[in-house]
Every structure is written in structure tokens, then in C-alpha cells.
Amino acid sequence: SEDEGLSITLLEAMAHQIPVIVSDIDANMLFIKKNVVYSFKSKDIDDLESKMQYVLNNQEKNQEMIKRAYKYVKNNFSWDDIGNKINKVYLSTVEDEKLKSVETT
């Protein structure tokens, strides 16, 4: 989907050490820039085919990509990490609300 945000399926594939090929839509650019996925031009079937052939024929390069992807996902998208980030947002919101209520009294 061109409108999809961060794909959990993408993260799961990377966490399971599977080579990933994504289209170059905005939602995937972070992973493309980090060089942890293969990419193809959106809506370009020939480019997708070319990338699929590359993945099938370059097992050594795949292992390098897989290692980078796994490390990136493990370090940035673990449930513990996500939970901690959400907790910080909640605590920050609570503190902001406390400050607002003190300022209005």
C-alpha cells in the first residue's frame, strides 16, 4: 500500500532474519536509508523482478543485510523499547496536565 505507515510485517520479517524487499514509498524510507532492506521503485514491476533476482542470487550479500536488519530492529523496535517510549509520552502528558492545572488555579 502506498499509504501504509510503519509495517509490523516488515519489522517481523527483519526480526526473523528474512531478506526484505520494499517499495520506495515514504513509510519505508527510514529502512532504505539505514541500508537494512532492499528496495525497488514503486509500481515498477521490472525493478521489483530485478531485486528479487538479486536476492535469490546473492546469498552472501543477503547475510550481511539480514544481520544489519536484525540488529537495527532489535535495537530500535523491541516491545520493551516501544513500551518505554509510550510510557515516557504518558508521563510527559500527565506532567503537562499537572502544570496546566497549577497555572490555572
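Quick check on this structure: which one of 6, 11 is in contact with a helix residue (DSSP H, G or I) (Cβ under 9 Å, 6 or more places away or on another chain), at pLDDT below 95 and assigned to a loop (DSSP other than H, G, I, E, B)?
6
Determine, yes or no, whether residue 62 is touching a helix residue (DSSP H, G or I) at 6+ places or on another chain (Cβ under 7 Å), within 26 Å of residue 12 (Cα to Cα), modelled with pLDDT of 90 or more and of a type outside the set (A, V, I, L, M, F, W, C).
The answer is yes for residue 62.
Quick grid of which residues meet (1) within 30 Å of residue 15 (Cα to Cα); (2) open to solvent by 100 Å² or more (accessible area, probe 1.4 Å); (3) of a type in the set (Gly, Ala, Ser):
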| position | (1), (2), (3) |
| --- | --- |
| 68 | yes, no, no |
| 78 | yes, no, yes |
| 81 | yes, no, no |
| 90 | yes, yes, no |
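When you check residue 64 against the structure, is it open to solvent by 90 Å² or more (accessible area, probe 1.4 Å) and either without any contact (Cβ under 8 Å) to a residue 24 or more places away in the chain or in contact with a Cys (Cβ under 7 Å, 6 or more places away or on another chain) (or both), yes or no?
The answer is no for residue 64.
Which condition does residue 55 not pass, out of (1) in contact with a helix residue (DSSP H, G or I) (Cβ under 8 Å, 6 or more places away or on another chain); (2) closer than 19 Å to residue 6 by Cα; (3) in a helix (DSSP H, G or I), if it passes all the others?
Single failed check for residue 55: (2).
Which pairs do you get when a residue that is farther than 21 Å from residue 56 by Cα, found in the range 18-31, comes within reach of a residue that is of a type in the set (Asp, Glu) and open to solvent by 60 Å² or more (accessible area, probe 1.4 Å), reach meaning Cβ atoms under 7 angstrom, with the pair 6+ apart or on two chains?
25/2; 27/4
Suppose we filter 48, 11 for residues that are in contact with a strand residue (DSSP E or B) (Cβ under 6 Å, 6 or more places away or on another chain), surrounded by 15 or more Cβ atoms within 10 Å (Cβ to Cβ), on the phi < 0 side of the Ramachandran plot and of a type in the set (A, V, I, L, M, F, W, C); which single one remains?
None of the others qualify; the one that does is 48.
The values are calculated or read from the model by the stated rules, or taken from the named source; none is laboratory data. All figures in this text were calculated on a predicted structure; none of them were measured in a lab. Quick reminder, even Gly has a Cβ in these numbers, built from the backbone with ideal geometry, and neighbours come from all protein chains shown. The area values use the complete protein model at the heavy-atom level, side chains included, leaving out ligands, DNA and RNA. Shrake-Rupley method; radii C 1.70, N 1.55, O 1.52, S 1.80 Å.
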